[in-house]
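The values are calculated or read from the model by the stated rules, or taken from the named source; none is laboratory data. Bear in mind that the values here come from a model prediction, so they are computed numbers and not experimental data. Methodologically, a virtual Cβ is constructed for each residue, glycine included, from the backbone with ideal geometry; neighbour enumeration extends over all protein chains shown. Note: areas computed on protein heavy atoms with side chains; ligands, DNA, RNA excluded. Shrake-Rupley method; radii C 1.70, N 1.55, O 1.52, S 1.80 Å.
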Amino acid sequence: MITATRIRWCGTVESRGDATVLIPNTGDVVLVSRAGRPRWLIFRCPSGCGTELPVNLDARSGPAWKLYNPGLTASLYPSVWRESGCQAHFILSRGRLWVFGGDDSAWGAA
């Protein structure tokens, strides 16, 4: 199933530990930024599984995503594909989450 919903931007914090309390609901997002440098984008998994999902934004720490326009119109590149748990695949573009289910049915496969 493919669904599109708006993110709920929950702000910016300096510590990864401070993010959890700010994202209680599916699709909630918070930015962890230290000294003006984006480090993590933390999601409450938009698939509805309830998992807290950190996305690395700091290339110094390994493979990293690029965040554009932090806030209500945020975009993230590339897409996020969970390889464990619910195996959701999602795209964040201009503040909207496009969520694809963990199975191939979202892509029309038999």
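Within the range 82-97, track down each residue that is open to solvent by 70 Å² or more (accessible area, probe 1.4 Å) and at pLDDT 90 or above.
Passing the criteria: R94, R96.
Starting from the range 6-32, keep only residues that are farther than 20 Å from V80 by Cβ, then list their pairs with residues that are part of a strand (DSSP E or B) and open to solvent by 60 Å² or more (accessible area, probe 1.4 Å) whose Cβ atoms are within a distance under 6 Å, requiring at least 6 positions of separation or different chains.
E14/R34
Any chance you could count how many residues in the range 4-23 are open to solvent by 50 Å² or more (accessible area, probe 1.4 Å) and in contact with a strand residue (DSSP E or B) (Cβ under 7 Å, 6 or more places away or on another chain)?
First, the residues of the range 4-23 that are open to solvent by 50 Å² or more (accessible area, probe 1.4 Å): 5-6, 8-9, 12, 14, 16-18, 20-22.
Restricting the remaining residues to those that are in contact with a strand residue (DSSP E or B) (Cβ under 7 Å, 6 or more places away or on another chain) gives 5-6, 8-9, 12, 14, 16, 20, 22.
Residues in the range 4-23 being open to solvent by 50 Å² or more (accessible area, probe 1.4 Å) and in contact with a strand residue (DSSP E or B) (Cβ under 7 Å, 6 or more places away or on another chain): 9 in total.
Residues P38, P24: which one is modelled with pLDDT of 90 or more, in a strand (DSSP E or B) and within 21 Å of G95 (Cβ to Cβ)? First the steps, then the outcome.
Details: P24 fails: in a strand (DSSP E or B).
Only one candidate passes the filter, namely P38.
For T12, are the conditions met, namely being modelled with pLDDT under 90 and within 18 Å of S75 (Cβ to Cβ)?
Numbers: modelled with pLDDT under 90: no; within 18 Å of S75 (Cβ to Cβ): yes.
No: the conditions fail for T12.
For the range 29-63, give me each residue that is open to solvent by 40 Å² or more (accessible area, probe 1.4 Å) and farther than 22 Å from R96 by Cβ.
R34, A35, G36, R37, R39, A59, R60, S61, P63 - these are the residues of the range 29-63 that are open to solvent by 40 Å² or more (accessible area, probe 1.4 Å) and farther than 22 Å from R96 by Cβ.
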